[in-house]
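To start, the structure itself, in structure tokens.
Derivation of every value follows stated rules applied to the coordinates shown; laboratory data play no part. These numbers come from a predicted model, not from an experiment. Note: ideal-geometry Cβ built from the backbone for every residue, glycine included; neighbour counts use all protein chains shown.
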Amino acid sequence: MTDSTDPTHTTDPTDSSAVVEISKVSKVFGGEKKGGGVEALREIDLTVGRGEFVSLIGPSGCGKSTLLRLIGDLTNPTSGSVTVNGKTAHRARLDRDYGIVFQSPVLFDWRTVEKNVQLPLEVSGVPSAERTTRAREMLDLVELGSFAQNRPWQLSGGMQQRVAIARALALKPQILLMDEPFGALDEMTRERMNLELLRVWQATGTTIVFVTHSIPEAVFLSTRVVVMSARPGRITNIIDIDLPRDRNVDTRELERYFELVTQVRESLRHGEAASGGAVHGSVEADALRVRAEGLG
Amino acid sequence: MARGRSRQIRRALGLIVIVGALLVIWEVAKFIGGDPWRLHGNVLGVQIDFFHNPPFRWRIVTDQSLPHVWNVIHTMTVPVQVNRPILASLLFDNMLFTMRGAATGFALGSAFGLMLGIVLANVRLLERALVPYVVISQTIPIIAVAPVIVIGLRAGTFSVALVAAYLTFFPVTIAALRGLRAADPRAIELMRSLAAGRWEVLRKVRLPAAAPYLFTAFKISATASVVGAIVGELPAGLREGLGGALLNFNQYYTIAPERLWAALLFAAAAGIVAFLLVVAAERFALRGYRPSEEPA
């Protein structure tokens, strides 16, 4: 079913060294007590190469966010192993190997935009002068240099999310984990943000793991799209996106783009059919996940 | 800003109107149900001789319980004893003395209350064990606690401050317990992804998020600390404060009720000043925060 172990899947110009290696990972929520619990992920194998842009796509409850959180060591696998940069995910988190962007920007009201971007630098003890230059640099990268002294709540939703991206990149992490970062934005802002993100990705060479609900977004951004299905969450297909690496507004009009969108859509549909796709079942799983997290 | 200025003027006007209305109600009640009174003398060259005999006799508004407004004002302008400063000047000194005790108590109580809140918020077991006692401590009347503290620690300004602190810490602890848990869970998760320690999470996320709650508590505590200081002065036998003045004028109430009323005015003023100081501090500390609906 999955051909993720095939090293040829890490596309040019990425080198073949894996940044993330997930092997036989399962995750059961609420399984500590007898009676099972909810199986969020079953036997996941996935390798992400350096410099790749990998999207996880699937219906709600398929565990794509959980998978992302496993990579970030924000939750632990029930079984299997997650290796990041050749070390455990836990070690990688302590080494601050990754930046993270959530669906909401999670900026601190009481800090200026610039101070928000400086947060990761403060936590890791970067000296003040360097913090300032680095934060400026990151804000320039997301083209918000002139808003450095504003408060986050004075910015639009899209701008806030760009600040969040700048913050996530402040430590120049090797991996950027993004959990539906543009899900709350309107379509036009979202498309602009997609272009912006591609530019940032190309400028920084960061490896990106990206969770999304949107098929066009996944195809447009990624080097690979990982299609997942729910109950239990598993990978049903991995699709190489062989669009030219240098993408722009015209990419969305290429014939190959439409073919790939169709391919992802059909993969999703097949996965749905295979799992019997009870919609409220997956909602329940989500609710349980939230509850289980709350307990933890 | 012009708009801010005009709003301030409106507020000040509103305050004056309310105070004026209260005084009018006060005198109207006396006019209808008070003791007979006579006004006579020479005002700007005009001879006034006015006698009024109210149609009713209400005990609550007799000169004994509710002296005339002008009597209260007049008594402040004359000395209580010959060759002594006028009453207002004495009461002003009393007020300053009491406010020093209140301020020390407020500082001690707030610091202790905040630390207790931080400890309780972090150690659930302690929270369950200690919160009932914290609550019980506030159900004991302060006049019962004051002699214990004051006599136990020897009468003096410090023991007065402790009584004030006793009243002060409770709102701060309760607000801290609530506020420290008001932080966005994703902000905590973000800090986790940055491998931030507990202390850093507290300093950079939890305390700033708790600040609006804390300032609400500080406002309550500021006025409570004035009450605490006054109550503490009674068993301490300190004559320099408003406590001593109130005690003194209580004894002479049947002869000169307006003196007690004058002392009450200064006690109220002390509370209002304490409250306004906290409001000013809040304005400053929370200036970058997202504006809420209506600043208190």
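Below, the figures for the structure above:
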| read-out | value |
| --- | --- |
| Under the Karplus curve 6.51 cos²θ - 1.76 cosθ + 1.60, θ = phi - 60°, whole-Hz ³J(HN,Hα) for the range B:55-61, x wherever Gly or Pro sits | x, 10, 10, 9, 5, 5, 10 |
| Calculated P(r) tail over 49 Å for the protein assembly as shown, as whole % of Cα pairs | 36 |
| Chain lengthening between residue B:78 and residue B:273 when straightened (0.36 nm per residue, less Cα-Cα) | 67.7 nm |
| The range A:46-147: Rg to Rh, with Rh as the Kirkwood radius over Cα pairs | 1.01 |
| Per-pair calculated FRET efficiency, R0 = 35 Å: residue B:25 and residue B:139 via Cβ, rounded to 0.05 | 0.50 |
| log10 of Debye I(q)/I(0), alpha-carbon scatterers only, for the range B:153-215 at 0.17, 0.23, 0.28 Å⁻¹ | -0.64, -0.87, -1.07 |
| Estimated 222 nm signal from helices in chain B, with DSSP H stretches of n ≥ 4 weighted -39500 (n - 2.57), rounded to 500 | -24000 deg cm²/dmol |
| Other-chain or far-sequence residues with amide H under 5 Å of residue A:53's (modelled H) | A:208, A:223, A:224 |
| Phi-based couplings in Hz for the range B:236-243 (Karplus 6.51, -1.76, 1.60; Gly and Pro marked x) | 6, x, 6, 9, 7, x, 5, x |
| Peptides A:206-217, A:129-140, B:42-53 ordered by average Cβ neighbours within 10 Å, highest first | A:206-217, A:129-140, B:42-53 |
| Ranked B:231, A:113, B:148, criterion: other C-beta atoms within 10 Å, fewest first | B:148, B:231, A:113 |
| Inverse mean reciprocal Cα-Cα distance (Kirkwood Rh) of chain B, Å | 22.4 |
| For the range B:95-100, 3J(HN,Hα) per residue [Karplus equation, 6.51 cos²θ - 1.76 cosθ + 1.60, θ = phi - 60°, Hz, x = Gly/Pro] | 5, 4, 4, 5, 5, 4 |
| Amide hydrogen neighbours beyond the local backbone of residue A:238, cut-off 5 Å, H modeled | A:3, A:227 |
| Percentage of interatomic Cα-Cα distances in the range A:135-262 larger than 27 Å | 21 |
| Relative exposure of B:265, B:194, A:169, judged by other C-beta atoms within 10 Å (fewest first) | B:265, A:169, B:194 |
| Nonlocal amide H pairs with residue A:178, under 5 Å, H built at 1.01 Å | A:101, A:209, A:210, A:211 |
| Ranked list, fewest to most other Cβ atoms within 10 Å of each Cβ, for A:98, B:213 | B:213, A:98 |
| Listed pairs A:87/A:172; A:27/A:172; A:115/B:219 exceeding 24 Å between Cα atoms | A:27/A:172; A:115/B:219 |
